[in-house]
Amino acid sequence: MSSLAFSVLLSLVSAVAYAAGAIVQERVAAAGDSRPYAPLRNGAWWVAVALNGVGAVLHVVALAYGPLSLVQPLGALTIVFALPMAALFVHRRAGRTAWRGAVMATVGLAGLLALTGNAGSHTLAGPEQFVLATGTAGAVVFLLVLAKGFHRPMPRSVVLATGAGIAFGMASVFTKTVAVEWTSGSVTSGLPTLLVIAGLAAAGLLLSQAAYRGAGLTAPLATVTVVNPVVAAAVGLTMFGEEFRFGMAGTLLALGCGALAAAGLVLLTTQRVGAERNARKGTGSGGRRPEEHLDVPAGEVDVARTVVLPEPAKPVVPQGAAVLPDPFPAPTALSLPLTLPLDHGGGRVEFEGRQAVSGPARRGDSEGRAGNVQTLTPPALR
C-alpha cells in the first residue's frame, strides 16, 4: 500500500471515529443530567473521549504520510459521516438539504482525491517555522482587532470565525511538521513546535467560542469548517511542494472540487443547526402564545407601568342647541404616559376594550405578572 493510500485510509477512519464520538456526546448531553461532573460518571462519555482520541491520533499519523492539501480537507468528512450514522444508530432523520450537502461534499472531496499526486514527506525548517508562526499570530491579532470595530454581531462573528479557522489550519500545518520529524527519528527538533501548536489550538478555541456569542451557531461553524482546510491546503501547496496531477488544468479542477466540497459543507452545517434550533423552539415554548413568555424573574413585580388612556368621549349636543363654554376644560386627549404605582397587589392594567380576566390569573401570567387584571375607566366613560 502506498503512503498516499495509507494516509487516505487513516483519514477516513479518523473521520468515522470523530463522527461516532460526536454522536455519543450528543446522546450523553440529551440525557439531561445536571449534576456536577455527571459526564465523568457516565461510561458512554468516556467512550466518546476515547473515540475522539483515536480520531486525533489517526489524523496526526495521516498527516505524517499524506499531503496536507488532501488530509486536512478529508477531515471535514466528519460532518458527512455523522449524517448516515445518526440516522442508523439514533434514528434521526435528515432533510433533503442535508443530503444534498453531503453529496456535494463527497463529490468534491473525491475529486480532490483523484487529482492529488504522490508527494514526498516535507517539513519546514526553523526559519520557515518562525516566519509562518509570526505571520499567523499577526493575522489572528489583526482579525481580532478588526472584529472589535464591528457593532453588528454577524460580521463580527464571521471575522472571529475566520481567525479561528486560520489558527486551526495552521496548527495542522505545524502538526504535520512534527509528525514528519518524529517518523524520521528526530524527536527533540519538534519540541519547540509543540508550544506553537498548543498556542494556535488555544487561540482557535477561544476565537470560535467568541464567534458564537450573539450570532448563533450556523455562520461561525460554517466559516471555521471551510477556512480550516483551505488555509492548510494553501500552505501545503506553496510551502510543502505538494501539487495536483495534470498541471495547471488539474489545479483548476482541484480548486473547483474544493469549492464544491465547501458549498456542501456549508449546506450541511446550515441544515443541521437550523433543525436543532427548530427542535429547541418546539420543545421550549410549551404551546404558549408569544405574549405569555415574559422574562421576569420569579418574585419580582414591576412597581410602575406606562398607562395610555383613551380620548374622553364627547357629549352629544342636539342640533341647534347653544353650546356654553366649559368652565373646567379637559385636554383633548389623555394619551400622556402616566406612571402608576401598583403596590396594592401587583395587578395588571389593560385599557381600550380589552376584557378583564377575573379570578386567579393564568399560569403564564402568574409567572411574569403576578395578579388579576384590572380595568381603569376614565371619568368621562363612567
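Taken together, the values in this text are just the output of simple stated rules run on the coordinates, not laboratory data. In this text, all values refer to a predicted model and were calculated from it rather than measured experimentally. Here the Cβ is made from the backbone with ideal geometry for all residues, glycine too, and neighbour counts use every protein chain on show.
Quick notes on this structure:
- For the peptides 57-67, 198-208, 89-99, the ranking by mean Cβ contacts within 10 Å, running from highest to lowest, is 57-67, 198-208, 89-99.
- Burial order of peptide ranges 9-20, 125-136, 237-248 (average beta-carbon count within 10 Å, highest first): 9-20, 237-248, 125-136
- Global form of region 82-239, assessed from the alpha-carbon gyration tensor, a/c cut-off 1.5: oblate
- Net +/- balance of residues flanking residue 220 in space, Cβ distance below 11 Å, scoring K and R +1, D and E -1: +2
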